[in-house]
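The block underneath contains the structure these notes are about, expressed in structure tokens.
The values are calculated or read from the model by the stated rules, or taken from the named source; none is laboratory data. Note that the structure is predicted; figures quoted are calculated from it, not measured. Neighbour counts run over all protein chains shown; Cβ positions are idealised from the backbone, glycine included. All accessible areas refer to the heavy atoms of the entire protein, side chains included, with ligands and DNA or RNA removed. Shrake-Rupley method; radii C 1.70, N 1.55, O 1.52, S 1.80 Å.
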Amino acid sequence: MFWKPLPIGVDNFENLIKNNYYFVDKTLFIRELLDMKGEVNLFTRPRRFGKTLNMSMLRCFFEKGNEDPAVLFFGTKIMEAGGQYLSHLGRYPVISLSLKSMKQPSRELSLAMLKRAVGEEFSRHWPAVLESGRLTEAALERYLRIRDLKGSDADYADALKYLSECLHTCLDEKVVILIDEYDVPLENAYFGGVYERMINLIRSLFESALKTNDNLEFAVITGCLRISKESIFTGLNNLNVISITNHHFAEHFGFTQKETAQLLKDYDLEENAETVRDW
């Protein structure tokens, strides 16, 4: 019988590793992502396929300024993949944004939650920005308006691009942008009857950050739904879409047959294999 606790509901990679939860190693996702060399990559998968955990893993691997990320990845497959991949370890400023909180009963409340999520990301990077001393007084004023939720709608419309500019200036590296649950506000707005008003805001936020942004190294976006290019990604001609029908990257989301069999074996539950298959 295996002794490691199962990470039920745990979608934070650092917590999972530090608390010694059972971990199905998906770190070669990082290798494939770097090999693909896609500038903006959209992964659509159903719920409970590990999208948020994978995004947390990407942040832990790529983000500059954290404690030694090699400690978190000790013994994982990516650490044996070669120096060309490990050269990216802890190298980039990472903008990490989840739009999950935007599932709200009104557009106004949804917008407020977006501003709060963006503000929290500005706050998270504030110590590094302040320490660098490289932003002008005007740039710092706008940064603090967004951080403190006092900015105008115009401030937030291109806030991710602005944050990428600030981080590139302050940390001498282009940024990685991770956007999780990108489709939540749009699905919510569709059923709430305010789709057109919401899509204009999300389109502005995304296109400014993801298209012709000289501060961007690459971006990864995840969600359950495939929103058409005509609606949200108009003009975003650098978008690489990897859906569940695409076999590329398939083994990095959800569990493979081999991984499921190993998990059942580790917990002495092999007799339940057929039941698990039915589920």
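A few notes on this one:
- Relative to the current alpha-carbon distance between K100 and H247, full extension at 0.36 nm per residue lengthens the span by 50.3 nm.
- Computed from backbone phi with θ = phi - 60° and the Karplus coefficients 6.51, -1.76 and 1.60, the 3J(HN,Hα) list for region 203-220 is 4, 4, 4, 6, 5, 5, 8, 10, 10, 6, 9, 5, 9, 9, 7, 6, 9, 10 Hz; x is used for glycine and proline.
- For region 136-279: relative contact order, % (alpha-carbon pairs under 8 angstrom, 6 or more apart): 22
- On a per residue basis, the chain carries 51 Å² of accessible surface, using protein heavy atoms and a 1.4 Å probe.
- Shape call, region 31-168: gyration tensor on alpha carbons, a/c limit 1.5: oblate
- Computed over the chain: relative contact order in percent, which uses C-alpha pairs under 8 Å that are six or more apart: 26
- Shown for the chain: the carbon plus sulfur share of the solvent-accessible area, taken with all protein chains present and a 1.4 angstrom probe, equals 51%.
- Whether region 150-279 is rounded, prolate or oblate, judged on the alpha carbon gyration tensor where a/c under 1.5 counts as rounded: prolate
- Set of lysines with alpha-carbon distance to K103 below 28 Å, sequence-local pairs under 8 removed: K51, K115, K150, K161, K211, K229
- Using θ = phi - 60° and Karplus 6.51 cos²θ - 1.76 cosθ + 1.60, couplings along region 147-157 (whole Hz; Gly, Pro as x): 4, 8, 6, 10, x, 7, 4, 5, 4, 8, 4
- Residue (of C60, T27, L111) at the positive-pole extreme of region 11-120, dipole from beta-carbon charges: L111
- Ignoring lysines fewer than eight residues from K77 along the same chain, the ones with Cα atoms less than 18 angstrom from its Cα are K18, K26, K258.
- Cα centroid of region 50-99 to Cα centroid of region 112-186, whole Å: 21
- Distant-in-sequence amide contacts of N240, defined by a placed amide H-H separation under 5 Å and a gap of 5 or more residues or a different chain, comprise V40, N41, L42.
- Ordered by 1.4 Å accessible area with all protein chains kept, I244, I8 run largest first as I8, I244.
- When H248, H168 are compared by accessible area of protein heavy atoms, the largest-first order is H248, H168, using a 1.4 Å probe.
- Amide hydrogen neighbours beyond the local backbone of T27, cut-off 5 Å, H modeled: K77, I78
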